[in-house]
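What follows is a set of notes on a single structure, which appears directly below.
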Amino acid sequence: MKVYKISREGLDKWIKHWTESYDVFGPVEKNENGMTDWAEVKGLDEISTAPGTTKQPIKTFYLPQPETLFTFTSRGGEPDSDVLKETLDEGRPRVLFGVRPCDARSVTLNGLAYEEDPYYMANVERTLLVGVSCREQCGTCFCRWVGGSPFGTEGLDILLIETEQNFVAEALTDRGVSLVEAGGGAREASGEDLAMVESMRQEAEQAMSAMPDTAETLRSKDLMSMYNADFWGGLSESCINCGACTFLCPTCYCFDIQDEVVRKKGRRIRYWDSCMFPLFTQHASGHNPRGQKVQRVRNRFMHKLKYFPDRFGPVSCVGCGRCIRECPVNIDIREVLRDLLGVE
Amino acid sequence: MESSSSKITDEIRAEASRLLSSGEVAAFLGFVPGSLPMTVRPFVARSSEDAARLVWNSFCVMNLANYLPEVLKSVEPPRGPGDPEPEGPLPRVGVLATGCWSRNMVVQIQENRIQRDRVVILGISSRGMVDRKKVLARLGGREALKVEEQDHSLLVSGRAFNEEIPRWEVVRDNCRSCVHPDPVIWDIMIGERAGDRQNANRFAQVEEIESLAPEERWAWFQEEISSCIRCYACRNACPLCYCPTCFVDDSRPQWVGKSIEPVDTAIFHILRAYHCAGRCTDCGACESACPMGIRMRLFTKKLEKDVLEMYGAEAGMDPETPLPLSTFSPDDPQDFIVTGQESPKSTGDEAGRSGEVSQS
């Protein structure tokens, strides 16, 4: 890791330099209700400095909605008729600027399930993440409960930390170092800067209540006791069974695949699916193993907080709080997490 | 001074507790406080201890009629698909209802979704619910950590700020244009009835869009739904949407594409709105549920206006008046239907063809 110091003007120049070789995206104030969302940017002044996360997670860059996997035609006589053509395309590399540490972590966590997926991995390959640490935690933030930190670096190429006058830039990967070099104008951080950043990091982490070993505790619990716990019924009674939580979740990555064909020309697409929807588990026979809402609600939380940790280790949640913020009926994953941790 | 919401809360708790402990109802459908400012959670109380948690405030934006059939089902004795109906009256459910929610319950009775004698309705005259998104917009990215409700203002506080927001300015658009705040059916009234509201023009928002040229209207529609993520929160928050399989979930055949292609999103929103024509009470739950801030109730509001103009009907105002689009009488005016008889709009050819059909 190399640590640099860069002024606000210097950061603006970085972005301007990067746009020569990368598409640069940042959180931009888009919505009337003060929320930010991802959009292409040309300079620092376009980027929102509001605390908290964007409306949509960065999974839109890794799991586009929809993503074309193959194209085909079925026009007899044409040379490549009835042949699936792979559309895997590395595309122009891009920089996501201003990623929160929680969102950056989601790329690594989803990567555990997608490591053999060429489409996902191509998007990982072509996307560089420049994060910005969180000085303020929102009422819905809980990254410290699930193994993250407001100064977390997992998944990032560069972490920016805003200090009194400047920014400290931690270049965490080789790609991050080359981004800093391509940007130009950065000085190496002094020992004083490093000490300041370290004390900021400690202060920010101490300001948030931590829950150590969440994943380990959940892994050690009995799966069937969790599955049969009493609280699922009450929880699902409030739920309207929409997909807002799953679609806005950075670590909900489930999909379905379909062929879309118009006049014998088609594409095979991968699009977001949600375990909240009955069709998600509908069998061809008509039978649905998760035909009831309570089963679907339970599955969303069990997948994140039990099945995923059992299989991969960490919890499949980064504590960004979007599901809490956007749920029309205020279902709060923090309460479910507490309930599950309390299961004997 | 005690706010009107907290007085209503006290009365709801007392009535719900009485109904539950006397066994008059097996469950009571209301709200409990949410974990964030300006949120509540729909909740089914089953004991008087549960009833003590119920709350009423300006943020009760979900329509409880939407939950009612499921809660009614949950209190019935379990039975298998072939089992006979249990003998004797089935357990009842208590529920809160404002003007629009009670009208939705009327629609549910008319559509055989619920039975009137199985619900005990606590009627509340609505003062209009607050749009959380409007409050957030006024804060411009600053986070509200505490919101205290007074009768005519909200006291919002966060890190290093306190702000008093006049309540009516952040009330939801549907509530601002509401003319029927009082429940149309109820068993126990909580608080006073307010009477119909005078509203200069409840369709002003719709008329603004109607005044646009067709291509501008289409552009407006496309822009409005462009951020849709197809989460179906609008559909699922709606008491009118109860098809066993929604047309967007049909897979054999599949009627509409699954991703966020603009044409697929448009089909979903247009069909959803039309399916609500003559049934929608403009409760605003769809808009309140939408995480993306889409104003889809304007689509249904347009249909509400059309139905009022063409049929003189408003959904759910009277249990004895059938829904305008699910009834007919032989002497209905039907200039728009081609019949065998001479009609100024039909050509001879068409009249001949349809005449044959109607005789066959």
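The table for this structure:
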| item | result |
| --- | --- |
| Residue in the range A:42-62 that is within 14 Å of another protein chain (Cβ to nearest Cβ) and charged (D, E, K, R) present | yes |
| Of the criteria (1) in contact (Cβ under 8 Å) with a residue 40 or more places away in the chain; (2) in contact with a helix residue (DSSP H, G or I) (Cβ under 8 Å, 6 or more places away or on another chain); (3) farther than 26 Å from B:Cys228 by Cα, which one A:Asn110 fails | (3) |
| Residue match in the range B:165-187 (condition: farther than 30 Å from A:Ala50 by Cβ, buried (at least 16 other Cβ atoms within 10 Å of the Cβ), of a type in the set (Val, Ile, Thr) and in contact with an Asp or Glu (Cβ under 8 Å, 6 or more places away or on another chain)) | yes |
| Criterion violated by B:Pro239 - all others in (1) under 24 Å from B:Cys175 (Cβ atoms); (2) within 12 Å of chain A (Cβ to nearest Cβ); (3) in a helix (DSSP H, G or I) satisfied | (3) |
| Unmet criterion (only one of (1) in a helix (DSSP H, G or I); (2) over 23 Å from the mean Cα position of the chain (by Cα); (3) under 27 Å from A:Pro278 (Cβ atoms)) for A:Gln206 | (3) |
| Hits in the range B:34-58 - residues which are facing chain A (nearest Cβ under 9 Å) and assigned to a strand (DSSP E or B) | B:Val40, B:Arg41, B:Pro42, B:Phe43, B:Val44 |
| Identity of the residue in the range B:132-141, surrounded by 20 or more Cβ atoms within 10 Å (Cβ to Cβ) and closer than 14 Å to B:Glu164 by Cα, that ends up modelled with the lowest pLDDT | B:Leu136 |
| Residues (among the hydrophobic types (A, V, I, L, M, F, W, C) and in a helix (DSSP H, G or I)) located in the range A:1-49 | A:Leu11, A:Trp14, A:Ile15, A:Trp18, A:Leu44 |
| Test: residue in the range B:87-101 that is at negative phi, within 14 Å of chain A (Cβ to nearest Cβ) and touching a helix residue (DSSP H, G or I) at 6+ places or on another chain (Cβ under 9 Å) | yes |
| Residue among A:Gly191, A:Gly184 that is loosely packed, with under 15 Cβ neighbours inside 10 Å, over 30 Å from A:Phe301 (Cα atoms) and either in contact (Cβ under 8 Å) with a residue 24 or more places away in the chain or in contact with a Phe, Trp or Tyr (Cβ under 7 Å, 6 or more places away or on another chain) (or both) | A:Gly184 |
| Qualifying residue in the range B:124-131 (condition: assigned by TED's automatic domain parsing to the domain that holds B:Cys241, buried (at least 18 other Cβ atoms within 10 Å of the Cβ) and in a helix (DSSP H, G or I)) | no |
| Search result, residues across the range A:209-241 that are closer than 23 Å to A:Val318 by Cβ, in a helix (DSSP H, G or I) and of a type in the set (D, E, K, R) | A:Glu216, A:Arg219 |
| Filtered residues of the range B:213-234 (kept if hydrophobic (A, V, I, L, M, F, W, C) and surrounded by fewer than 13 Cβ atoms within 10 Å (Cβ to Cβ)) | B:Ala213, B:Trp218, B:Ala219 |
| Which listed residue, of B:Leu145, B:Leu155, is touching a strand residue (DSSP E or B) at 6+ places or on another chain (Cβ under 8 Å), within 14 Å of chain A (Cβ to nearest Cβ) and surrounded by fewer than 17 Cβ atoms within 10 Å (Cβ to Cβ) | B:Leu145 |
| Helices (runs of 4 or more DSSP H) enclosed by the range B:254-326 - at least 1 residues per element that are of a type in the set (Val, Ile, Thr) and either surrounded by 21 or more Cβ atoms within 10 Å (Cβ to Cβ) or within 14 Å of chain A (Cβ to nearest Cβ) (or both) | B:262-275, B:297-311 |
| Residue in the range B:116-124 that is at pLDDT 95 or above and within 14 Å of another protein chain (Cβ to nearest Cβ) present | no |
| A:Gly76 being farther than 28 Å from A:Val318 by Cβ, free of Cβ contacts under 8 Å to residues at least 12 places away in the same chain and not basic (Lys, Arg) | yes |
| Conditions (1) at positive phi; (2) out of contact with any Cys (no Cβ under 7 Å at 6 or more places or on another chain); number of the one not met by A:Gly321 | (2) |
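Conditions (1) in contact with a strand residue (DSSP E or B) (Cβ under 9 Å, 6 or more places away or on another chain); (2) hydrophobic (A, V, I, L, M, F, W, C); (3) more than 27 Å from A:Ile257 (Cβ to Cβ), marked per residue:
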residue: A:Val28; (1), (2), (3): yes, yes, yes
residue: A:Gln56; (1), (2), (3): yes, no, no
residue: A:Phe72; (1), (2), (3): yes, yes, no
residue: A:Asp82; (1), (2), (3): yes, no, no
residue: A:Lys85; (1), (2), (3): yes, no, no
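The values are calculated or read from the model by the stated rules, or taken from the named source; none is laboratory data. As the structure is a prediction and not an experimental result, all values here were calculated from the model. Note that each Cβ is placed from the backbone with ideal geometry, even for glycine, and that neighbours are counted across all protein chains shown.
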